[in-house]
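Right, one structure below, let's go through it.
The values are calculated or read from the model by the stated rules, or taken from the named source; none is laboratory data. As the structure is a prediction and not an experimental result, all values here were calculated from the model. Don't worry about glycine lacking a Cβ; one is built from the backbone with ideal geometry, like all the others, and counts go over all protein chains shown. Quick note on the areas: whole protein, heavy atoms, side chains included, nothing else; ligands and nucleic acids left out. Shrake-Rupley method; radii C 1.70, N 1.55, O 1.52, S 1.80 Å.
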Amino acid sequence: MPKDTAATQPVVKSEKLDDIALITIDSPPVNSLSQRVVMGLAEAVAAANSDNSVKAIILRGAGDNFIAGADIGELGQASGKPSDSALANSLQSWLDQLEANAKPVVIALDGFALGGGLEVALAGQYRVATTRSRVGLPELKLGLLPGAGGTQRLPRVLADKLGAMAGLQKGSEMILQSIEQPGPKALELGIVQEVVEPESLLDAAKAAAKKLISGALKPVRASKLGDKLLSKEEAEQFRQMGLMMMGDKVRNLVHPQHALDCILAGASEGYAVGIRREAENFAKCLAAPQATGLIHLFFATRACVKVPGVTDQNFPPRKFERAAVLGGGTMGSGIATALLDAGISVVLKEINDEAVAAGRGRIESNFGSRLKKGKLSQKKYDEALGRLTTQTNYKGFDQLDIVIEAVVENIALKQQVFADLEKATRADCVLASNTSTIDIELIGQNTKALPRMLGTHFFSPAHVMPLVELVRTKHTSSEVLGAVIGLSKKIKKTPVTVGNCVGFLVNRIFFPYGQAAGLLVDNGVDPYRIDKAIFDFGMPMGPFRMGDLAGVDVAKFAGSIMAEAYQDRTYYSTLVEHLFAAKRFGQKTGRGYYQYPDGKTEQPDPGLAELVAAARKDAGNPPALELTDNDIVEFTFFGVVNEACRCLEEGIAIRASDIDVATVMGMGFPPYRGGLMHWADSLGSRHIAKRLTEWSRQFGAMYEPCDYLRERAERGEKLSG
Ligand code: 3HC
Ligand code: NAI
């Protein structure tokens, strides 16, 4: 529907079914609670109340969903600015009125009822869900907390069913960990009163409304299901438990503590106190930069699956039912796991029976660990592995829809493999390479298959990491790329489409990160201090700890390829060479930059000082730099921002927000900072260009701002603009 027509269409519709008013929220794509929808709902309920022939109200969503929460676009507009509790107060008081409505309100809930959607549902007096519905309060993922009564009504509903302590525990878990419940589980927990098949939803809601009218059913008002559920002492104990439950995941974040605070205020001091605290804390969260960052990332993640000239072309959808993975090593086994998990049949091809057995073993162990943790049923485990076949030749490859190559990183081998694949597969079979460094065109240069070839660069472990870079060459057909974007979504990966260059996007822009760390050490900064500053900034670990995890030998090899490609801006620290010569390959060998007495936990290693001294000597023993922790962060990341700007300039990345998604999902850049470019813009292009220019005078071309960055800084513009 054209946008101007959509703006004039009613977003809430009312009709009469005998003595029942049926109110339908109809605001595609997901019936989010925009201000227009809330106003429309309030008017529709008021109209039903003033119609004497109406005895009960049913509220439902049009299409496949009830309500997917407050309108995140509107919240994004309000976020990061000083705010008071008025926004949450007005929704809260409307829902208090809805809950107290004299004419019973039945919620007919299909699909998603999330955030504000579940909060509306909880204010109804009877809830019917469907077998395919999913309910939850995922506001914390956006840096917010449930701000329309969710922190008060959900724990009360659960406590009514499970008992005070167990109910509070379950409610806190659902809110603090953004856990959604499927319809049948929501019934078991007392969140809804009835679950039916989708096609019976309206009939079931009508039957419930009739019973409420006749008095055969009593309306349930969630806020009245107990006032003070805990004593203040119990609440304090619970707070400690809650903090433990959140653990390291909430490092540098305050909104989870604000959410816990509302739950506990309501549980120990009653609903009225709790709901007030909720409005106050919601306003604090909305005003904080973390919400702005996370809301930005929500939309950035959805934008990156839209590739101009590809996803807007309406190509007929392709079905990927049969795939092959070449190589069952670290990456191939993870990729095969992700494909099998999504219901796709996989042929794993290896070089000999021993390698086949090892590859199968890795895949079994990927599924096995989920089975052991109860995250996968035995049935699903058997079905997934039932879809796996293994072989050492190309037999039956003419039946495949896609082949993903993950053999060792060797140009000649990969060229041979693709020449073989061209012969063994149908002309419409997609051919993908998981290479981390090699030019895709070089791999396919001896074939005529380039239009159906692309890179699918997964991150390790491939069945866990959410990102896949889709590397297109100038030959890759748009239809093929569009189809693989669809496949990526099917296997629950977020695809970022990138251009073909050494390192593609993520590895290329993070090359200066490791380089900066080496340069700082050569200039007298302690490696453990660098790691701590970067960890405190919010990365999962610092560059040296990461080097140990990836392997010093792997880093040396990858670094040499990058250094060759980007010689003009490479800094050569010999630290990695000294570690390599000492056979300190990282965690896998028990020693790298750190030592690992138990094989897992890092401890500073006094022996590192000697290698650092050797590297400093090679660098000419420059005087030690005196830096603050913030300087260390900027020193380490501004080179990354600079390289990211080059990628935008060259068209390697389509848009700045794709880089945000890729840095968060591929490198663990703190999501609440909104991704690399969003963070850079929060500091300002001028500040970044100024510091880079200063450092380039001292340390050379590695820090020289690229044209894209320099020009934007001169004009005072955003880097993501
Ligand atoms: N507000 C605005 N737009 C939304 C939205 C929301 N709450 N939820 C989804 N959308 C939009 C998406 O941006 C996307 O738009 P696009 O097509 O233009 O890119 C479209 O709806 C479809 O979304 P998805 O691509 O994500 O579709 P999926 O089918 O994969 O997922 C979903 C559907 C599970 C509902 C997912 O969109 C989602 O998780 N939405 C957000 C849910 C949420 O966080 N709700 C809480 C909001 S905050 C709140 O409620 C505060 C309250 O307590 C006061
Ligand atoms: P690996 O060494 O663990 O596995 C490679 C496997 O390929 C071996 O099991 C080998 O027997 C098999 N193989 C070799 N020739 C073959 C052939 N002709 N047919 C079928 N199988 C063959 O290597 P890894 O780490 O899984 O890497 C694979 C590819 O993925 C490489 O291109 C690498 O650069 C890339 N990559 C690696 C990442 C990592 O973190 N390990 C990350 C992203 C990409």
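Things to note:
- Check on Arg712, in a helix (DSSP H, G or I), surrounded by fewer than 17 Cβ atoms within 10 Å (Cβ to Cβ) and touching a residue at least 24 places away in the same chain (Cβ under 8 Å): no
- Of the residues in the range 96-109, at least one is over 31 Å from the mean Cα position of the chain (by Cα) and under 26 Å from Gln257 (Cα atoms).
- Residue tally, condition in a helix (DSSP H, G or I) and either of a type in the set (Ser, Thr, Tyr) or surrounded by fewer than 13 Cβ atoms within 10 Å (Cβ to Cβ) (or both), over the range 44-56: 2
- Check on Ser83, in contact with a Leu (Cβ under 9 Å, 6 or more places away or on another chain) and among the polar types (S, T, N, Q): yes
- Hits in the range 303-326 (condition: free of Cβ contacts under 8 Å to residues at least 24 places away in the same chain and either more than 26 Å from the chain's Cα centre (by Cα) or closer than 21 Å to Leu339 by Cα (or both)): Asn314, Pro316
- Inclusion of Ser93 among residues that are among the hydroxyl-bearing types (Ser, Thr, Tyr) and open to solvent by 30 Å² or more (accessible area, probe 1.4 Å) is warranted.
- Residue within the range 425-439 that is at pLDDT 95 or above, open to solvent by 20 Å² or more (accessible area, probe 1.4 Å), away from ligand 2 (no atom under 12 Å from the Cβ) and under 23 Å from Ile491 (Cβ atoms) present: yes
- Being under 24 Å from the mean Cα position of the chain (by Cα), over 30 Å from Gly226 (Cβ atoms), surrounded by fewer than 21 Cβ atoms within 10 Å (Cβ to Cβ) and among the hydrophobic types (A, V, I, L, M, F, W, C) is a property that does not hold for Ala291.
- Residue list for the range 457-487, restricted to those being among the hydroxyl-bearing types (Ser, Thr, Tyr) and crowded, with 21+ Cβ neighbours inside 10 Å: Thr476
- The condition of being within 26 Å of Pro623 (Cβ to Cβ) and under 30 Å from the mean Cα position of the chain (by Cα) holds for only one of Asp522, Asp531, Asp526, Asp548, that being Asp531.
- Selected residue (only one of Ser488, Ser460, Ser478 is within 16 Å of ligand 1 (Cβ to nearest atom) and of a type in the set (Ser, Thr, Tyr)): Ser488
- Within the range 132-153, restricting attention to residues that are among the basic types (Lys, Arg) and outside any helix (DSSP H, G or I), the residue that is farthest from ligand 1 (Cβ to nearest atom) is Arg132.
- Just one of the listed residues (Gly374, Gly361) is on the phi > 0 side of the Ramachandran plot, away from ligand 1 (no atom under 16 Å from the Cβ) and free of Cβ contacts under 8 Å to residues at least 60 places away in the same chain, and it is Gly374.
- Criterion (in contact with a Gly (Cβ under 9 Å, 6 or more places away or on another chain), farther than 18 Å from Ala108 by Cβ and in contact (Cβ under 8 Å) with a residue 12 or more places away in the chain) met by exactly one of Ser34, Ser53: Ser34
- In this entry, Arg697 is excluded by the filter for residues that are surrounded by 15 or more Cβ atoms within 10 Å (Cβ to Cβ), of a type in the set (D, E, K, R), at pLDDT 95 or above and not in a loop (DSSP other than H, G, I, E, B).
- Qualifying residues in the range 6-36 (those that are touching a Ser or Thr at 6+ places or on another chain (Cβ under 7 Å) and in a loop (DSSP other than H, G, I, E, B)) - the one farthest from Arg134 (Cα to Cα): Asp19
- Condition check for Leu400: in contact (Cβ under 8 Å) with a residue 12 or more places away in the chain, open to solvent by less than 60 Å² (accessible area, probe 1.4 Å), touching a strand residue (DSSP E or B) at 6+ places or on another chain (Cβ under 8 Å) and within 9 Å of ligand 2 (Cβ to nearest atom): no
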